[in-house]
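All remarks here apply to the structure that follows.
The values are calculated or read from the model by the stated rules, or taken from the named source; none is laboratory data. This one's a predicted model, so the numbers in the text were calculated from it and none came from an experiment. SASA here: full protein model, heavy atoms, side chains in, ligands and nucleic acids out. Shrake-Rupley method; radii C 1.70, N 1.55, O 1.52, S 1.80 Å.
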Amino acid sequence: MSYSPSIRPLNLTRLVAQREERVEPISYWMRIGYDNANGIWPPSAKLGYGLRGCPDGVLFRVSTIGVPPELSFKFRTIHS
């Protein structure tokens, strides 16, 4: 995977998990077949994969510990 500013950014989900004093900003996204998925798929994509068979999928998760969420999310620019 090479970085290029011309590639559109990923649709990812961000959340902050906390347990007692530990704060963990988390970013994640899914890749299903050749598509990035955020959990909401248009019917045409579902139909296409239904006709071609079940695609492979992967979940990417990036998190930090000890960095305030506003800084963790500010410096994390991810491109596919």
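Quick notes
- Filtered residues of the stretch 46-73 (kept if assigned to a helix (DSSP H, G or I), at pLDDT below 75 and either within 17 Å of Trp29 (Cα to Cα) or of a type in the set (Phe, Trp, Tyr) (or both)): Tyr49
- Once the stretch 6-15 is narrowed to residues that are part of a loop (DSSP other than H, G, I, E, B) and under 16 Å from Phe60 (Cα atoms), the residue that is least open to solvent (accessible area, probe 1.4 Å) is Leu10.
- The set of residues in the stretch 16-72 that are among the basic types (Lys, Arg) and either open to solvent by less than 80 Å² (accessible area, probe 1.4 Å) or within 16 Å of the chain's Cα centre (by Cα) (or both) comprises Arg31, Arg61.
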